[in-house]
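Contents: one structure, followed by commentary.
The values are calculated or read from the model by the stated rules, or taken from the named source; none is laboratory data. This structure is a prediction, so every number in the text was calculated from the model and none was measured. Positions of Cβ are generated from backbone atoms using ideal geometry, with glycine treated the same way; all protein chains shown enter the neighbour counts. Keep in mind that these areas ignore ligands, DNA and RNA; they rest on the heavy atoms of the full protein, side chains included. Shrake-Rupley method; radii C 1.70, N 1.55, O 1.52, S 1.80 Å.
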Amino acid sequence: MRHLLWLSLGLAAVPAQANERPEDPIAWSCFYCNEEERQAMAIRRGEGMHLIYTGFNYDLLYAYNVQRDGSELAVDRWYPASWVSQQFNAMILQYRQSSGEFYYDWGLLQLVPPGWPGETSDSVMWGHHVTDLHPRHAEARATVQRVLNGSTIFRHMRADEYGRVLRFDFQLDGTIPYTARLRNGSTALGYMEFYFDYDTRNWEYLGSRDLRHPIQESPEDFLAADGGARSFYYSRTFQDPAPYFLQRAKWANVKVHGEMPSTHRDVRFDCSRMDGEINCFVIHL
């Protein structure tokens, strides 16, 4: 068996045409497989260079080059390029086996929102500012994108000279993107999420939630998925997001009936469609 030093992942052995990026490599899972089993899997995948990983931890990525030798396929063990190993090691620990999510949790990102300073502007950006309903959400998202694209935390995404980024087999159907979950330090204000778009090579907005609920992006989000009634509960302990709920309702042309309690009390918003319009009622608990 020949052991070769993999300098360029093989995929880049032939220079790309101008303005053409080579295909992203894919890491295929073969959990707890030994060397013989990994080679057998590489052969089953056919001719070419194959990346195989055996677990959700550092340095569990292997490379194999499968070539035709007469009427048979032969496999050589290679070593992943340094940029591939760098991306694998930086990303793989962010896959959460218990929930099936794939994200980096940025626990304290305090950005200035559009419009600051101003009477109705907040001092720190959170999911409310990037929702589709916010009048200046495009500016807010662009700010987050610039920060993510330039952050040293995600420098592994820029490790390859051709701009390639490793994909994992569990991502290929598009249901489990690599995301950045961004918090500003306030538990009540939850987080906003951006995902890495392999087509645009940019971080795109995915969604947000406060401590209790996903943040509304459209008028229909004030209702249940089937269009029925929906309630939003905020306790007296974590009531900071409640006034913002009312602001989003105003932007969405949702009618709100009732007033917020004058003292710190639990509150619930009961929303439903009445006579073709969405109405929410403030309930003091």
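Pairs are defined by a Cβ separation below 6 Å, a sequence spacing of at least 6 or placement on different chains, a first member in the stretch 37-49 that is farther than 8 Å from Tyr64 by Cα, and a second member that is open to solvent by less than 40 Å² (accessible area, probe 1.4 Å) and assigned to a loop (DSSP other than H, G, I, E, B); the pairs so defined are Arg38/Cys30; Met41/Cys30. Screening Leu148 against (1) under 17 Å from Ile215 (Cα atoms); (2) of a type in the set (A, V, I, L, M); (3) buried (at least 16 other Cβ atoms within 10 Å of the Cβ) leaves a single unmet condition, (1).
Assessment of the stretch 95-110 against the conditions (more than 16 Å from the chain's Cα centre (by Cα), touching a residue at least 24 places away in the same chain (Cβ under 8 Å) and over 30 Å from Phe56 (Cβ atoms)) yields at least one matching residue.
Tell me whether the stretch 166-181 contains one or more residues that are under 22 Å from Leu109 (Cβ atoms) and over 15 Å from the mean Cα position of the chain (by Cα). It would help to see each step written out before you state the result.
So the first thing to find is which residues in the stretch 166-181 are under 22 Å from Leu109 (Cβ atoms), and the list is 177-181.
Of the ones still in play, those that are also over 15 Å from the mean Cα position of the chain (by Cα) are none.
Taking every residue of the stretch 166-181 in turn, none turns out to be under 22 Å from Leu109 (Cβ atoms) and over 15 Å from the mean Cα position of the chain (by Cα).
For first residues located in the stretch 216-236 and among the charged types (D, E, K, R), partners that are outside any loop (DSSP other than H, G, I, E, B) and lie 6+ apart or on another chain with Cβ distances below 6 Å form the pairs Arg230/Cys271. Scanning the stretch 134-145 for residues that are surrounded by fewer than 20 Cβ atoms within 10 Å (Cβ to Cβ) and of a type in the set (A, V, I, L, M) yields a total of 2. Among the residues of the stretch 60-87, which ones are closer than 21 Å to Tyr104 by Cα and open to solvent by less than 60 Å² (accessible area, probe 1.4 Å)? Scanning the stretch 60-87 gives Leu60, Leu61, Trp83, Val84, Ser85, Gln87.
Each row is one residue, and each column tells you yes or no for (1) touching a Pro at 6+ places or on another chain (Cβ under 9 Å); (2) within 26 Å of Val282 (Cβ to Cβ).
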{"position": "Gln171", "(1), (2)": "yes, no"}
{"position": "Ala180", "(1), (2)": "no, no"}
{"position": "Gly190", "(1), (2)": "yes, yes"}
{"position": "Asp199", "(1), (2)": "no, no"}
{"position": "Tyr205", "(1), (2)": "no, no"}
{"position": "Gln216", "(1), (2)": "no, yes"}
{"position": "Asp226", "(1), (2)": "no, yes"}
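Looking only at the stretch 97-113, residues that are open to solvent by less than 70 Å² (accessible area, probe 1.4 Å) and over 28 Å from Arg44 (Cα atoms) come to 9 in all.
Taking the stretch 263-282, which residues are more than 14 Å from Asp240 (Cα to Cα) and either without any contact (Cβ under 8 Å) to a residue 40 or more places away in the chain or in contact with a Phe, Trp or Tyr (Cβ under 6 Å, 6 or more places away or on another chain) (or both)?
Step one: list which residues in the stretch 263-282 are more than 14 Å from Asp240 (Cα to Cα), which gives 269-282.
Residues satisfying the conditions are Phe269, Asp270, Cys271, Met274, Asp275, Gly276, Glu277, Ile278, Asn279, Cys280, Phe281, Val282.
Evaluate the following for Trp6: is it at pLDDT below 95 and within 31 Å of the chain's Cα centre (by Cα)? Reasoning before the result, please.
Values: at pLDDT below 95: yes; within 31 Å of the chain's Cα centre (by Cα): yes.
Here the answer is yes, as Trp6 does meet what is asked.
The selection criterion, being of a type in the set (Ser, Thr, Tyr) and touching a helix residue (DSSP H, G or I) at 6+ places or on another chain (Cβ under 9 Å), does not hold for Tyr195.
Out of the residues in the stretch 238-262 that are assigned to a helix (DSSP H, G or I) and open to solvent by less than 10 Å² (accessible area, probe 1.4 Å), which is nearest to Cys280 (Cα to Cα)? It comes out as Ala249.
Which of the strands (runs of 3 or more DSSP E) contained wholly in the stretch 25-141 include at least 2 residues that are not hydrophobic (A, V, I, L, M, F, W, C)? Give the steps one after another, and end with the answer.
On the way: elements: 26-29, 48-53, 61-69, 72-78, 101-106.
Per the criteria, 48-53, 61-69, 72-78, 101-106.
Under the condition of being within 16 Å of Leu206 (Cβ to Cβ) and of a type in the set (Ser, Thr, Tyr), the residues counted in the stretch 99-142 number 4.
Note on the stretch 120-160: residues that are under 24 Å from Glu23 (Cα atoms), touching a residue at least 12 places away in the same chain (Cβ under 8 Å) and of a type in the set (D, E, K, R) amount to 1.
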